[in-house]
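To start, the structure itself, in structure tokens.
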Amino acid sequence: MTYSKVNKPLERVDAYEKVTGKAKYGADLQFAGMLYGKVLRARCPSAKIKKINVEKARSLPGVWAVMTAEDVPCNEIGVIIQDQQILAKERVYYIGDGIAMVAAESPETAARALEAIEVEYEEIPGVFCPIKSKNESPIHSDRRDNEIIHHKLRKGDVNKGFADSDVILNREYETQFVEHGYLEPEAVVAVPHENGSLVTIYGSVQNIFATRDAVARCLRAGLSEIRIVQNHIGGSFGGKDEVVSSMACRAALLALKTNRPVKMVNTREESIVESYKRHPYKMKYKVGATKDGRLLAMEIEVIADGGAYACQTPFVPWRSVVQATGPYEIPHVKTDTYGYYTNNVYTGAMRGYGSPQVIFANESLMDELAQELGLSPLEIRMKNILRNGSVTASGQKLDRHEVSLAEVIEKAAKAIDFEEKYKRYSKPQSGDTRRGIGMAISYRGCSLGAEAVDAAGAVLSIQKDGSVYLYSGLAENGQGLKTAFCQIAAEELGVDMKHVTFLEANTLISPDSGSTVASRSTLVGGNAVLNAAKRAKDALSRFIADQFGLSSNDLVFEDDCIFTSDGKRLLSFTEAANKAFWAGVQLSHVGWYVAPSIHWDEEEGKGNPYFTYVYACQMAEVEVDMGTGEVTVLNMAAAHDVGRAINPEMLKGQIYGGVMMGLGYGILEEVEIDEGYILNLNFDNYLMPTSKDMPTIIPIIVENPDPDGPYGAKSIGEPTLELGAAAIANAIAQATGKRIRSLPLNLERVLLGYPLKKGRDKK
């Protein structure tokens, strides 16, 4: 089917204001009488707080408020488990804990006030290893142990599967703490008593409703008393969720204490110290197969470091448990994933949400098994991949959508000439550099999944001049949501994109649609937009049809006009909207979408965790300097089945960005932690890929429209990041002949086989 707006590379609706600098971010906001807030953070990762003296700080000129935990009505928040302190009261659990906060007339005065606060600590031996944590006394005294969560998955009988196997491999893999690395640090402004609200929070907020809930809980206020307004976000990737909730609570407290607007903006160092990271994983894999390469059994144990607070740890290992076996049909599976408290920086949502870790492990394992059996990476995968009608590790039969793994593999392999290069690089190579090529494949569940309610809303209002206002309960995080939603609305109404205005997310007017996470915005939120547009169009159609003595089924909306089905123009869209308005026709409609029913049996460890999936293959060609260990990624082919591309150019942008994040995850990035202390506190020593590290990226858009997606669309945001590290690891293994099972694959790991760990100066 041909569309006029959907499936077209239309210009982003927010492009102009972003490239001209007109876009307002949290740190850009100014209000009359505004104060500046700052937070004093802990000096050690595990300690009792014996005394806090704030009198000197309070006496400084220009200081309007100094607050501690004693001043917080409700001091613990959290989206899933309310264990996160807004300000530490009796215990410090990690180095980023806030101890006290100030509001002052300038950032400099606020900083001086922090220096004047005196804190007496009694240090407590901390727990920094999640494996050891399970046998240690509880970090949080109200819990019986340090286990945050345990998820399991069961299929068949693994003992029988291993007994029937000709080959069995046991391997261990490990991944690292990773910083989100968004360009804009966290920033909010709290304005007291604005527009009838107790307090309004503006800023770089990814999840406006979770932030509202946290502020309301902190203040012991009703949800309707709190207003959260999203500004432009300079990157998030899951990071501006719970950490911004804490910041919003603090700013709200200071604003209400002083009765003045309060701005809080983190420095990069403050952001890195306080904000949660990607979960590091320790993974044990056991796989059994026949001698011809058929997978029979897989047993997996995953241990995640949750850090000081639960945050998203109850959910992240759940996605891992579902997808840990990879996109393969395996008769016998036993998987257990765990999350444990430690005194490290806490861990939470980050692009990929528990998938990149297990994909690195499982796809490395598939290459290792292929080598053991004398098969190529392509051969072993094509023998075992999920296809139409396959049954997943969780017991779900894939019969509702096109399972396109074979297609994405074939297209990626052709684009990068995988088979020829694999044969060439498998032969002995001479010289100082060696080349290799590797691949990784994945399937990813779309939406929040069976562990949460997945619904979203949108409001669409046609004005009497034919313009259209649209606002959604989901937020623009830089991924292009505004543009995609405007395209969907414009397509359904048959109007030009310039007539559709997307309004910023606002908790007082936007329907609560949960968080913009899990690659759900286009699939779930797009359906809500489509629903709202259809309802508005139906109302207008019935009115116009009645005016002309026609059936509404005979009308066609296109080119800013309304036509009969045989092509006769009746009137313009603007004329129709004006007539309908003066006739009292309702042209403002709420669209609501609830994801199809799915289920998960936590006790049995099986079920249908997602209603649809996306499929992907990435292939990486690398060059390794054998003298230094330096890895250069030369080419990356990324084939992704997205259902239908709402905007192909934006989709390519997601692929480029995701591939680069995967490259960073694979060979560069690591938050270095020594007994709870973060050692690399800025981008001068936290390495991220730059434009000079960018390989030739071949984006391959595969479209198999999904019956449940708006115009067949599914998702793309997270899958693009998930495969790169695994593909690069497999390429490095071919080039060097050495298998490295820990990330990142940096110079020392590639050259020496182990990392060179820095320690902090303890003088």
Legend entry - Yes/no for ALA406 being in a helix (DSSP H, G or I), small (Gly, Ala, Ser) and in contact (Cβ under 8 Å) with a residue 24 or more places away in the chain: yes
Inset, instruction - Return the pairs, sorted by first residue and then second, in which the second residue is surrounded by fewer than 21 Cβ atoms within 10 Å (Cβ to Cβ) and of a type outside the set (Ser, Thr, Tyr), the first residue lies in the stretch 591-611 and is free of Cβ contacts under 8 Å to residues at least 40 places away in the same chain, the beta carbons are less than 7 Å apart, and the residues are 6+ apart or on different chains. - result: ASP601/GLY607
Legend entry - Residues of the stretch 172-199 satisfying the condition of being buried (at least 20 other Cβ atoms within 10 Å of the Cβ) and of a type in the set (S, T, N, Q): THR175, GLN176
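Yes or no, residue by residue, for (1) part of a loop (DSSP other than H, G, I, E, B); (2) in contact with a Ser or Thr (Cβ under 6 Å, 6 or more places away or on another chain):
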{"position": "LYS282", "(1), (2)": "no, no"}
{"position": "GLY288", "(1), (2)": "no, yes"}
{"position": "ASP292", "(1), (2)": "yes, no"}
{"position": "GLU301", "(1), (2)": "no, no"}
{"position": "ASP305", "(1), (2)": "no, yes"}
{"position": "THR313", "(1), (2)": "yes, no"}
{"position": "PRO317", "(1), (2)": "no, yes"}
{"position": "SER320", "(1), (2)": "no, yes"}
Inset, instruction - Taking GLY326 as the residue in question, decide whether it is outside the structural domain of PRO73 (by TED's automatic domain parsing), crowded, with 24+ Cβ neighbours inside 10 Å and either more than 29 Å from PHE611 (Cβ to Cβ) or modelled with pLDDT under 95 (or both). - result: no
Inset, instruction - Tell me, yes or no, whether the stretch 727-735 has at least one residue that is under 22 Å from the mean Cα position of the chain (by Cα), of a type in the set (Gly, Ala, Ser) and at pLDDT 95 or above. - result: yes
Inset, instruction - Please find, among GLU492, GLU451, the residue that is part of a loop (DSSP other than H, G, I, E, B) and touching a residue at least 24 places away in the same chain (Cβ under 8 Å). - result: GLU451
Legend entry - Condition check for ALA65: in contact with a strand residue (DSSP E or B) (Cβ under 6 Å, 6 or more places away or on another chain), at pLDDT 95 or above, in a helix (DSSP H, G or I) and surrounded by 15 or more Cβ atoms within 10 Å (Cβ to Cβ): no
Legend entry - Any hit, the stretch 506-516, residues being at pLDDT below 95, within 20 Å of SER4 (Cβ to Cβ) and in a loop (DSSP other than H, G, I, E, B): no
Legend entry - Number of positions in the stretch 292-330 that are closer than 18 Å to LYS282 by Cα and of a type in the set (Phe, Trp, Tyr): 2
Legend entry - Checking ALA713 against (1) at pLDDT 95 or above; (2) among the small types (Gly, Ala, Ser); (3) closer than 20 Å to ASP305 by Cβ, the condition it does not meet: (3)
Inset, instruction - All but one of (1) under 27 Å from ALA304 (Cβ atoms); (2) touching a residue at least 60 places away in the same chain (Cβ under 8 Å) hold for VAL72, so report the exception by its number. - result: (1)
Inset, instruction - Output the strands (runs of 3 or more DSSP E) that fall wholly within the stretch 94-168 and possess 1 or more residues being more than 31 Å from the chain's Cα centre (by Cα) and farther than 24 Å from PHE315 by Cβ, or say none. - result: 98-104, 118-123
Inset, instruction - Go through the residues of the stretch 339-361 one by one and say whether even a single one is at pLDDT 95 or above, more than 25 Å from the chain's Cα centre (by Cα), more than 28 Å from SER519 (Cβ to Cβ) and in the same structural domain as VAL287 (by TED's automatic domain parsing). - result: no
Inset, instruction - Answer yes if at least one residue in the stretch 706-716 is within 23 Å of ASN477 (Cβ to Cβ), in the same structural domain as VAL403 (by TED's automatic domain parsing), of a type in the set (Lys, Arg) and assigned to a helix (DSSP H, G or I), and no otherwise. - result: no
Legend entry - Number of positions in the stretch 652-692 that are among the β-branched types (Val, Ile, Thr), surrounded by fewer than 21 Cβ atoms within 10 Å (Cβ to Cβ) and within 19 Å of TYR276 (Cβ to Cβ): 1
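Conditions tested, residue by residue: (1) within 30 Å of the chain's Cα centre (by Cα); (2) surrounded by fewer than 17 Cβ atoms within 10 Å (Cβ to Cβ); (3) not aliphatic (A, V, I, L, M).
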{"residue": "LEU405", "(1), (2), (3)": "yes, no, no"}
{"residue": "ARG424", "(1), (2), (3)": "no, yes, yes"}
{"residue": "SER430", "(1), (2), (3)": "no, yes, yes"}
{"residue": "ARG434", "(1), (2), (3)": "no, no, yes"}
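The values are calculated or read from the model by the stated rules, or taken from the named source; none is laboratory data. None of the values given here were measured: they were computed from a predicted structure. Glycine gets a Cβ as well: all are built from the backbone with ideal geometry, and neighbour counts include every protein chain shown.
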